[in-house]
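First the structure, in the form of structure tokens, and then the observations on it.
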Amino acid sequence: MKYVEAFFRFWYDFLIGDDWRIAAGIVLVLLLTAGTAHWLSAGVAVLILLAGVLLTEGYVLFRP
């Protein structure tokens, strides 16, 4: 049982890391991109993905 717990602790620490807001931002960007690609077009989805990645990187690099 301790191996299963260690496995999930590793993935939690790997995905969430130091700041849960970064992981939530990435999930939000991916969901928005998938929805846009499904309902509108792939070209608009690529632009949303690019903007989301740049905004998330900007938040990570320039947060106080």
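Computed from the coordinates by the stated procedures, all read-outs in this text should not be read as laboratory data. The structure presented is a predicted model; accordingly, all values stated were derived computationally and were not measured. Cβ: placed from backbone, ideal geometry, glycine included. Neighbour counts: every protein chain shown.
In table form, for the structure just shown:
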item	result
Any hit, the range 52-61, residues being free of Cβ contacts under 8 Å to residues at least 24 places away in the same chain and more than 14 Å from the chain's Cα centre (by Cα)	yes
Counted residues, the range 38-50 - those being exposed (fewer than 13 other Cβ atoms within 10 Å of the Cβ) and within 15 Å of the chain's Cα centre (by Cα)	1
Subset of the range 11-33 (residues that are outside any helix (DSSP H, G or I) and either surrounded by fewer than 10 Cβ atoms within 10 Å (Cβ to Cβ) or β-branched (Val, Ile, Thr) (or both))	Asp18
Scan of the range 36-64 for residues that are within 12 Å of Gly25 (Cβ to Cβ) and not in a helix (DSSP H, G or I), ordered by number	Arg63
